[in-house]
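Values in this text are rule-based calculations from the coordinates and carry no lab data. Keep in mind the model is a prediction, meaning the values are calculated, not measured. In this analysis, Cβ positions are derived from the backbone assuming ideal geometry, glycine residues included, and neighbour counts consider all displayed protein chains.
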Amino acid sequence: MRDGAGAHTRLRWQAERPGALWHGDVCHGPALVIAGKAMPLRIHGMLDDASRYVVALEAMHTERELDMIGLLARAARRHGLPDAMYLDNGSTYSGTTLRLGCERLGVTLIHARPYSPQARGKMERFWRSLREAVLDHMGSMASLHDVNVRLWAFLDQHYHQAPHAGILGRSPASVWQAAERPTDDLDEQRLRAALTVTERRRVRGDTTVSLDGVVWQLDQGYLAGRVVTVGRCLVEPNLAPWVEHEGKRLELRPVDPIQNARTKRQPRRPGVTASAAKAVAFDPPGALLDKAAGRAPARHIDDEELF
């Protein structure tokens, strides 16, 4: 590419205004040692193209589509929605859930050409600045909170206030704050509706459902073994999912195996006690014996007739 032998001519480009295009990417940082165990460090970030302003930056242990969607929701609450998002082709950014959420919110989803890191130069340049100023000098961090405090201090006290060559010596904060962005009608209800998804799952025999490695328990035992519709809102990663069944919303809760060991088992069918479930109103062998002996069949007495 440097000797001009590439198939395409590269040009320096920029979005027309702040809020028109956001870049999204993940940077791999040094592993954290927490309670004697090495944990991966993934820095998720979103950068506005025209102003170079970082609208979201957060350290996590994972690099999943759910992490990206949660970060987008938090950035949208604070800054509104962009017209488009420019992402790479990794699994974190190419899932069906993210595409569906962007379509509902009216955000155009753009993916860079594979094997072309130069196309994402603005984001790569920010990661370089972050490494040189923060990640290469962290020392021993005890938690993600410690990392995030340093990341946000770097943004507020240095990066957003420093002159940037790509925007003619102006600071990202000054360009971002001076821009007139279109009025956004985004509210919490619309955001939650756009990022709510459903999927079909089979309930296990122990009335549990597994989602993204987390096991959830359903109190309705009669649904064991059945395929149900599981819904969840992705605006926050810790929100509990639910089951939609026959027009009702049935809550799911995290499994507590120790508590379950001390919990009395309930009958699977709702409204039926264990004694009632065992009672049989008709005894076929007894009826045949009564007929053969010429006896009158025994009359069954319901529990209600005893009172």
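Computed quantities for the displayed model
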read-out	value
Total charge dipole magnitude, the stretch 195-296, about the Cα centre, Cβ charges on Lys, Arg, Asp, Glu only, Debye to nearest 20	360
Distance from the stretch 157-207 to the stretch 85-125 (C-alpha centre basis), Å	14
Between helix 144-157 and the chain: long-axis angle, C-alpha atoms, 0 to 90°, nearest 10	30
For the chain, alpha-carbon Rg and Dmax in angstrom	29.2, 108
The chain - charge dipole about Cα centre, Lys and Arg +1 at Cβ, Asp and Glu -1, debye rounded to 20	540
Degrees, to the nearest 10: 65-79 long Cα axis against longest axis of the chain	60
Reachable aspartates and glutamates from Lys291, criterion Cα separation under 16 angstrom, eight or more residues apart if same chain	Asp283
Rg to Rh quotient for the stretch 1-115, alpha carbon positions, Kirkwood Rh	1.03
Options Leu135, Ala31, Val107, ranked by Cα towards positive dipole end of the chain, top entry (Cβ charges)	Ala31
Dimensions (Å) - the stretch 195-296, Cα atoms, principal axes, largest first	72, 31, 19
Length-normalised contact order of the chain in % [C-alpha pairs under 8 Å, at least 6 apart]	13
Of the GluC sites (Glu not before Pro) in the stretch 171-216, those whose Cβ has at most 16 other Cβ within 10 Å and which sit in DSSP loop	Glu180
Calculated FRET value between Ala178 and Asn89, using beta carbons and R₀ = 51 Å, to 0.05	0.90
Cleavage-rule hits, GluC sites (Glu not before Pro), the stretch 15-81, DSSP coil, Cβ neighbours within 10 Å at most 10	Glu16
